[in-house]
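To keep things clear, I will list the structure first and then write my remarks on it.
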Amino acid sequence: MKYMLLIYAGAADAADRCDYEEWVAYDKALRDAGVLVSGHSLKDLTTATTVRVGPGGEPTITTDGPFAETREVLGGYDVIDVPDLDAALEWAARCPGSRDGGSVVVRPVAEFEV
Amino acid sequence: MDERAAGAAASVEAMFREERGRLLAALVRRFGDLDLAEEVASEAIEAALVRWPVDGVPPKPGAWLMTTARRRAVDRLRRDQVYAARLAVLQVEADRAGPAAPADAGGDLPDERLLLFFTCAHPALPAEDRAALTLRCLAGLATPEVARAFLVPPATMAKRIVRAKNKIREARVPFRVPGADELPGRLPGVLQVLYSIFTEGYAASAGPDLQRPDLAEEAIRLARILRRLLPAEREVTGLLALMLLTYARRAARTGPDGGVVLLDDQDRRLWDGPMIEEGRELVVVALTGGPPGLYGVQAAIAALHDEAPGVAATDWPQVVALYDVLLAIAPSPVVAMNRAVAVAMRDGPEAGLALLDGLAEDPRLRGHHPYQAARADLLCRLGRSAEAAAAYREALKLAGTEPDRAHLRRRLREAEGS
């Protein structure tokens, strides 16, 4: 079953703790275990742009990133394929993004019959 | 109804109580779906109610129920192809996760209820739903009964149970017993669920009655099952001991009018001797062979109260020492408060009151009526009646059940009168 791990930083202005090696090790562990489906990390929040389309169909562009009132900021995601929620939670706990005030939200991926 | 039929009806009754959880667990293990398992388990029991009075009780009642339930499940799966495809996948994965116990270990159904204990208490489920699911799946209570247990409308409870089951199915909360390395992390959650069921039964948080024996007894029954399944886990033994040693006082805890009788004033002849004896034996087991656990120490404190012929003769220095151990394992303001009361018994009310007043700032005690009542009691004993009355009034505002309030009103009148 596929789960998406949504990796959040604790706050938009949290110091950029660049534990690059830890992330590389985590990525390698996911690949070695054969559970990684896909994953990306996102660029800094200041580079984000939100698009909303109003009821009349006219696009409204907001340039200051996602909802400013949200303290937690999505920093990236991994999609993994594991047998059950416990396995997914274990990977989430190993993710460097789950420490230092960050968090990882685990969401099952909806799959539809074709 | 002839004798054989009556006997069969009685064994179905017993089966329903004792085997429903076991049957459900075995079906969940096999089909990986709680809803389907519940439906076919009920159907099998209904079929037994019809067949057994006619045919007699089969030699392996559990296996009979399992076979019947399994056939019903297969019928359903044939009718619902989409469901069948999904369950087939689940089943393959369940088999990969570990070999199923042989079908006739012990001659009848293998006991797989441990899976259900851990699934119902899974940390991914909302805390408020864990006890409800445990009562539903392991105690076999119907949803309206579970609703009554938690004093919520049946529709609300039905929604909560559906939501929890939905999460188990859709997020695929596994049906499995945690491995030895995970057990220390997961077992406390299971014990907490049982203890919260017990506590609600022993000292209801709201409602007309102080005690709800049905719930307390259900918690004890489930703790006994858990202990059979995990005999080496000393905290399971400690929890069972704690429940028994506490519940043994039930008859003395309320007066003829249903009012509260405090430990000091209880008629100790009403305490349940055999239950205390069993609890004491379990405490010894729980505290032997390793660092003491949370429930074991609490059980030891309960045992000291139960052993004493009276309040004055209680081994208070030992009680204080055990509270010190408890504070070291699990610091909490309520434990600190109880320790202060024990210190008051050992060293006098002044010493206890000083400790209680030191806790006054803790926000977790602000809404806790026993804290105000304990202060009031010590103030009374020190002859400071006006302050005692004020504390009783504060406690009255916070108390949730009518017997508690009636007791506090009585004490308030005494404090005002002196």
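Values for this structure:
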read-out	value
Of all residues making up the range B:49-69, the number that are in contact with a helix residue (DSSP H, G or I) (Cβ under 7 Å, 6 or more places away or on another chain), aliphatic (A, V, I, L, M) and at pLDDT 90 or above	3
Extreme residue, farthest from the other protein chains (Cβ to nearest Cβ), among residues of the range B:151-171 that are closer than 24 Å to B:L27 by Cα and without any contact (Cβ under 8 Å) to a residue 24 or more places away in the chain	B:A158
Residues of the range B:94-137 satisfying the condition of being part of a helix (DSSP H, G or I), within 14 Å of another protein chain (Cβ to nearest Cβ) and at pLDDT below 90	B:A94, B:D95, B:R96, B:A97
Residue tally, condition within 23 Å of B:D347 (Cβ to Cβ) and out of contact with any Cys (no Cβ under 7 Å at 6 or more places or on another chain), over the range B:369-402	18
All positions within the range B:172-182 that are facing another protein chain (nearest Cβ under 9 Å) and either among the aliphatic types (A, V, I, L, M) or more than 16 Å from B:R113 (Cβ to Cβ) (or both)	B:R172, B:V173, B:E182
Helices (runs of 4 or more DSSP H) contained in the range B:342-418 and holding at least 1 residues of a type in the set (K, R) and either at pLDDT below 95 or under 28 Å from B:A308 (Cα atoms) (or both)	B:363-366, B:369-381, B:385-398, B:402-417
From A:R71, A:R17, residue being modelled with pLDDT under 75, within 30 Å of B:V173 (Cα to Cα), more than 14 Å from the chain's Cα centre (by Cα) and open to solvent by 70 Å² or more (accessible area, probe 1.4 Å)	A:R71
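Condition check ((1) surrounded by fewer than 17 Cβ atoms within 10 Å (Cβ to Cβ); (2) under 19 Å from B:Q211 (Cα atoms)) across all residues:
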{"residue": "B:E361", "(1), (2)": "yes, no"}
{"residue": "B:H369", "(1), (2)": "no, yes"}
{"residue": "B:D377", "(1), (2)": "no, no"}
{"residue": "B:A395", "(1), (2)": "no, no"}
{"residue": "B:L398", "(1), (2)": "no, yes"}
{"residue": "B:H407", "(1), (2)": "no, yes"}
{"residue": "B:R410", "(1), (2)": "yes, no"}
{"residue": "B:E416", "(1), (2)": "yes, no"}
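The values are calculated or read from the model by the stated rules, or taken from the named source; none is laboratory data. All figures in this text were calculated on a predicted structure; none of them were measured in a lab. Positions of Cβ are backbone-derived with ideal geometry, glycine not excepted, and every protein chain shown enters the neighbour counts. Protein only, heavy atoms only, side chains kept; ligands, DNA and RNA dropped before computing areas. Shrake-Rupley method; radii C 1.70, N 1.55, O 1.52, S 1.80 Å.
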